Amino acid sequence: MKKLYFLLLISANLSAQTINFSGKLADQETKKPIVYANISFLDSNKGISTLEDGTFNLKVDKKLLYKKIHISCLNYKDTIVLAKELQNKTLFLKPKNFQLDEVLISKRLEKELTIDKYKRRDIKSSFGAVKGKPWIVTKFFKFDEKYKETPFLKEVIVYFDGLLFRHKSKFRVRLFKKDTISNKPSLDLIAKDIIVKARKIDGKVKIDISKFDLEFPQEGFFIGLERLHIPYNFHEYTYTKEGGKKKFKAIEVAPSFGATYTKDSIQVFSSGKWRSFYFPQKFYEGNQIQPAISLTLSN
């Protein structure tokens, strides 16, 4: 009986340390919910994305309520607050004011050029993730004089990895200007939220961006793939450790973006910062990997 009481006491203690961190994000001006904003704890590998109604719910250690969180979402200024300031509350974020250039161009889609076409054999690895912090991985597109004949950005094509890790998913596509001083991504080129839905059978998806009438920037630009930590993207799987037989469970966050080799570093956004990432592996043949993204241009 004493043993049972001791176990119950331990169980109660453990459950007391874990709480539901929940709240809501809304627009300060319109009061509408902010959809798919990414929330990350700066001192922990914990994060979540808001749902369609702006709410979120994440099980965390109680002590994390006194830690800082970073809130990131397209069209809103990055915000850092203590987690307890958002617990069971609604936080109103002030939207950015975008000054869009006036479009006075009339054009016909007669000529096209696709940059970096890929076939299935070109996909060498993947950018997958288990449940943790949301992040953005990018690929840089450098300007070339030959693009002047087809200067407009028409279509982005995103490739996924093999069938084994392919699930239904949603993710955000973002286009970033290049900061000419740091050479890192800076401001968004498109203010509109581009949420892409991929099916389980998709090996790639095509995203039409022709309506934005964007010309290829001469300083180049980044295409970013932003992972969303929402239940729709969570998929449980089992695995065994090398040399063992015991099965373990984990949660994968879809999609698993296809990757190709590169000799260059890439830019990754996590915990409120852009970081240069270069980590070549022997099984990458000494190369870094970058997301497999094609870009179609038109005149």
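The single condition from (1) closer than 22 Å to W274 by Cβ; (2) touching a Pro at 6+ places or on another chain (Cβ under 9 Å); (3) loosely packed, with under 15 Cβ neighbours inside 10 Å that I181 fails is (2).
When you go through I181, I190 one by one, which is the residue that is among the aliphatic types (A, V, I, L, M) and touching a helix residue (DSSP H, G or I) at 6+ places or on another chain (Cβ under 6 Å)?
I190
Take Y278 and tell me if it is closer than 29 Å to E236 by Cβ and surrounded by fewer than 20 Cβ atoms within 10 Å (Cβ to Cβ). For Y278, the condition - closer than 29 Å to E236 by Cβ and surrounded by fewer than 20 Cβ atoms within 10 Å (Cβ to Cβ) - is not met. The requirement of being assigned by TED's automatic domain parsing to the domain that holds F234 and assigned to a strand (DSSP E or B) is fulfilled somewhere in segment 162-170, by at least one residue. Among the residues of segment 120-136, is any at pLDDT 95 or above and not small (G, A, S)? Yes. I'd like to check something: does segment 33-53 contain any residue that is more than 26 Å from I195 (Cα to Cα), outside any loop (DSSP other than H, G, I, E, B) and not hydrophobic (A, V, I, L, M, F, W, C)? Checked against the condition, which is being more than 26 Å from I195 (Cα to Cα), outside any loop (DSSP other than H, G, I, E, B) and not hydrophobic (A, V, I, L, M, F, W, C), segment 33-53 yields no hits at all.
A quick yes/no check of all residues on (1) at pLDDT 95 or above; (2) assigned to a loop (DSSP other than H, G, I, E, B); (3) more than 14 Å from A254 (Cβ to Cβ):
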{"position": "I201", "(1), (2), (3)": "no, yes, no"}
{"position": "K206", "(1), (2), (3)": "yes, no, yes"}
{"position": "K211", "(1), (2), (3)": "no, no, yes"}
{"position": "P217", "(1), (2), (3)": "yes, yes, yes"}
{"position": "F222", "(1), (2), (3)": "yes, no, yes"}
{"position": "E226", "(1), (2), (3)": "yes, no, no"}
{"position": "H229", "(1), (2), (3)": "no, yes, no"}
{"position": "Y237", "(1), (2), (3)": "no, no, no"}
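Quick grid of which residues meet (1) in contact with a His (Cβ under 6 Å, 6 or more places away or on another chain); (2) not charged (D, E, K, R):
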position	(1), (2)
A37	no, yes
S40	yes, yes
K46	no, no
T55	no, yes
H70	no, yes
Y76	no, yes
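Scanning segment 36-50 for residues that are surrounded by fewer than 18 Cβ atoms within 10 Å (Cβ to Cβ) and either of a type in the set (A, V, I, L, M) or assigned by TED's automatic domain parsing to the domain that holds V253 (or both) gives a single hit, L42.
Does S294 meet the test of being modelled with pLDDT of 90 or more and either in the same structural domain as D179 (by TED's automatic domain parsing) or not aliphatic (A, V, I, L, M) (or both)? Answer is yes for this residue. Scanning segment 233-264 for residues that are of a type in the set (S, T, Y) and either touching a Leu at 6+ places or on another chain (Cβ under 9 Å) or within 27 Å of S49 (Cα to Cα) (or both) yields Y237, T238, Y239, S256.
Of all residues in segment 245-263, those satisfying the criterion of being in a strand (DSSP E or B) and more than 14 Å from K139 (Cβ to Cβ) are K247, F248, K249, A250, I251, E252, V253.
Considered as a group, the residues in segment 71-100 that are touching a Lys or Arg at 6+ places or on another chain (Cβ under 7 Å) and of a type in the set (S, T, Y) include one that is surrounded by the fewest Cβ atoms within 10 Å (Cβ to Cβ), and that residue is T90.
The values are calculated or read from the model by the stated rules, or taken from the named source; none is laboratory data. Just so we're clear, the structure is a prediction, and the values are computed from it rather than from any experiment. Cβ sites come from the backbone with ideal geometry, for glycine too, and all protein chains shown count toward neighbours.
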